[in-house]
Amino acid sequence: MSHSAEGSPAVHSDSGLAHESMSQLEVMAQSVAGIAPSAVMATGPVLIVLFAGPGAWLSYVAATVVVVLVGLCVAQFARRFASSGSLYSYVARGLGPTGAFATGWSLVIGYTCIAMLGATLIGPFLGSLLDRVGLPGMTSQTAYIVMTALAAVAAAAFAVIGIRISTRVGLVLEIVSVAAVLLVFVVVVAKGGDSSAPSLFDLSGVSFDGVTYGIVLAVLGFVGFESAASLGAEAKNPHRSIPRAVIGSAVLVGLLYVFASIASVLGFGSVEAFTSSAAPVSDLAERYGLSSIVWIVDLGVAASFFAVTIASINAASRVLYTMGEEDVLPAALGRAHRTYKTPHVAIGVLAPVVALVPVVLMIGGRGPFDVYAYVGTVGTFGYMVGYLLMAVALPFFLRRRGEGNPASTALSVVVVAALLYVFYKNVIPVPEYPLNLLLPIFAVVLALGMGWYFLVRSRRPEVLAEVGSTEEEPVAPHPHHLDGHRVPPPAAADPAETAPTVDRT
């Protein structure tokens, strides 16, 4: 820990990472892989259609708007400074260290759970593929357990050997998987779908409540889109490439989801036929003369889940790395591999957790899709808390830079309201057992992290000055508000004025 002569915390950089090594495409690949779009296209629309019916595409359009607004909040931070700490570092500049730690720990929970989800769901799709080629026992619980463990270890290995390698692997896997799933939907639309399918704009029987709840579920299909923000140290021109990646991935994936929901209903002909299908994309492939590529669809979806496992470990490890560098978590987490320039200690901590939690649940008799429901829900709570605190922090961050304006405040209010609604709809009404245990489990894990933070704060209060100080080439306050009105320049160039505001209470 170091301080400037004036007594303010010295801004330091993510010195152990591979600086400015990633292109715009590779940064974009991190965000896209963090979403696993082809996996969501294959499994998500059926859930939305259950509530929104033929109006599912409206739910996806609205969800895309909500997520893009969240992305605009992220972009306001990313255009001004970059750090491997992602939203943790952003919130530190607006709400101080307590809010920052809550954000960082929540994101770690979210990323880790989504990595578990990805590793777990590789099994059913890869197992189905191997079963098709004649390998026996590949769809058994034992096979799923082995594949989950191997996937977690392999994903961690890719994360260690280099961010460029792992993001390129994720990019290739997502291109292949999206192409396979998209091909099925394109053929369905090209052939006109089922003759009994409702018109795109025929919303008879579609309820407002159904579409609204569909929005809640649809938003969950985007979590992880902000993960490019964790590449602040490694991206070339991060102040431009990260905002483009975050917003671009949300728009691109949103368009894919809208198309997937339309093609799915069109292909099956009715909501009932669609929602009764156990494997919608594979069934559509069989129905529309693409039975020869069903194995490619299974491989593509499995590849997508592997890509999201890598991307989530990449993002979680960099948040842990930054928190370790800033001493709010054990300093060992802030070490980077000398050769690979990756946070290998943080990855080494994450890998056993990503493997063991789903393996233990499956040994206990839970199926892969049960595990998916459990860890996916807990992970979503983590993302929601992180996004919410980031949106709350935005106007405070801009005001402290002399850039506060009505547009940014309005953006913050809209995003906070939307996220609170999504969170509320995820917990009310209270679900049945064991799903009713998931929010308390998240709360306990969050509380354990906050307990550690308050212990550090009581024993080493000077550490709080380091929170949010990891930064790459800070950008001077912009001369214009978001709404285009000029603001007066800062009155002085004293570095203490731009140091992170520290909550010492």
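The values are calculated or read from the model by the stated rules, or taken from the named source; none is laboratory data. Keep in mind it's a predicted model, so treat the numbers as computed, not measured. Note: ideal-geometry Cβ built from the backbone for every residue, glycine included; neighbour counts use all protein chains shown.
Looking at the stretch 82-97, can you tell me whether even one residue there is under 15 Å from the mean Cα position of the chain (by Cα), in a helix (DSSP H, G or I) and either at pLDDT 95 or above or not basic (Lys, Arg) (or both)? For the stretch 82-97, residues under 15 Å from the mean Cα position of the chain (by Cα), in a helix (DSSP H, G or I) and either at pLDDT 95 or above or not basic (Lys, Arg) (or both): present. Among the residues of the stretch 345-383, the ones that are crowded, with 23+ Cβ neighbours inside 10 Å and basic (Lys, Arg) come to 0 in all. For first residues located in the stretch 447-470 and exposed (fewer than 13 other Cβ atoms within 10 Å of the Cβ), partners that are assigned to a helix (DSSP H, G or I) and not polar (S, T, N, Q) and lie 6+ apart or on another chain with Cβ distances below 9 Å form the pairs 448/105.
Residues in the stretch 120-148 that are among the polar types (S, T, N, Q) and part of a helix (DSSP H, G or I): 120, 128, 141, 142, 148. Please enumerate the residues belonging to the stretch 384-419 that are surrounded by fewer than 20 Cβ atoms within 10 Å (Cβ to Cβ) and either under 29 Å from residue 123 (Cα atoms) or acidic (Asp, Glu) (or both). Selection gives 403 alone.
Considering every residue within the stretch 223-230, establish whether at least one is of a type outside the set (Val, Ile, Thr), in contact with a helix residue (DSSP H, G or I) (Cβ under 7 Å, 6 or more places away or on another chain), buried (at least 17 other Cβ atoms within 10 Å of the Cβ) and assigned to a loop (DSSP other than H, G, I, E, B).
Here is the first cut: in the stretch 223-230, the residues of a type outside the set (Val, Ile, Thr) are 224-230.
Still in the list and also in contact with a helix residue (DSSP H, G or I) (Cβ under 7 Å, 6 or more places away or on another chain): 224-230.
If we keep only those that are buried (at least 17 other Cβ atoms within 10 Å of the Cβ) as well, we get 224-230.
With the extra rule that they be assigned to a loop (DSSP other than H, G, I, E, B), the set shrinks to 224.
Within the stretch 223-230, one or more residues are of a type outside the set (Val, Ile, Thr), in contact with a helix residue (DSSP H, G or I) (Cβ under 7 Å, 6 or more places away or on another chain), buried (at least 17 other Cβ atoms within 10 Å of the Cβ) and assigned to a loop (DSSP other than H, G, I, E, B).
Which one of these is within 30 Å of residue 420 (Cβ to Cβ), touching a residue at least 24 places away in the same chain (Cβ under 8 Å) and not in a helix (DSSP H, G or I): 193, 248, 205?
Details: 193 fails: within 30 Å of residue 420 (Cβ to Cβ); 248 fails: not in a helix (DSSP H, G or I).
From the options 193, 248, 205, the qualifying one is 205.
Restricting the stretch 161-194 to residues that are crowded, with 16+ Cβ neighbours inside 10 Å and among the basic types (Lys, Arg) leaves a set whose member that is farthest from residue 41 (Cα to Cα) is 164. Filtering the stretch 292-309 for residues that are under 21 Å from residue 88 (Cβ atoms), assigned to a helix (DSSP H, G or I), modelled with pLDDT of 90 or more and of a type in the set (Gly, Ala, Ser) leaves an empty set.
Hey, among the residues in the stretch 259-278 that are outside any helix (DSSP H, G or I) and without any contact (Cβ under 8 Å) to a residue 12 or more places away in the chain, which one's surrounded by the most Cβ atoms within 10 Å (Cβ to Cβ)?
Restricting to residues being outside any helix (DSSP H, G or I) and without any contact (Cβ under 8 Å) to a residue 12 or more places away in the chain, the top hit is 276.
Answer yes if at least one residue in the stretch 128-139 is surrounded by 14 or more Cβ atoms within 10 Å (Cβ to Cβ) and under 30 Å from residue 336 (Cβ atoms), and no otherwise. Scanning the stretch 128-139 turns up no residue that is surrounded by 14 or more Cβ atoms within 10 Å (Cβ to Cβ) and under 30 Å from residue 336 (Cβ atoms).
Against the numbered list (1) within 15 Å of the chain's Cα centre (by Cα); (2) under 30 Å from residue 152 (Cβ atoms), residue 251 comes up short only at (2).
Okay, residues lined up against (1) of a type in the set (Val, Ile, Thr); (2) at pLDDT 95 or above; (3) out of contact with any Phe, Trp or Tyr (no Cβ under 6 Å at 6 or more places or on another chain); (4) part of a helix (DSSP H, G or I):
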site	(1), (2), (3), (4)
361	no, yes, yes, yes
380	yes, no, yes, yes
392	yes, yes, yes, yes
395	no, yes, yes, yes
417	no, yes, yes, yes
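Does the stretch 327-339 contain at least one residue that is buried (at least 19 other Cβ atoms within 10 Å of the Cβ), of a type in the set (Val, Ile, Thr), in a loop (DSSP other than H, G, I, E, B) and touching a residue at least 12 places away in the same chain (Cβ under 8 Å)? Yes, the stretch 327-339 contains a residue that is buried (at least 19 other Cβ atoms within 10 Å of the Cβ), of a type in the set (Val, Ile, Thr), in a loop (DSSP other than H, G, I, E, B) and touching a residue at least 12 places away in the same chain (Cβ under 8 Å).
Being of a type outside the set (A, V, I, L, M, F, W, C) and under 19 Å from the mean Cα position of the chain (by Cα) narrows it down to one residue among 127, 134, 118, 123; which is it? Outline the logic, then answer.
Numbers: 127 fails: under 19 Å from the mean Cα position of the chain (by Cα); 134 fails: under 19 Å from the mean Cα position of the chain (by Cα); 123 fails: under 19 Å from the mean Cα position of the chain (by Cα).
The unique qualifying residue is 118.
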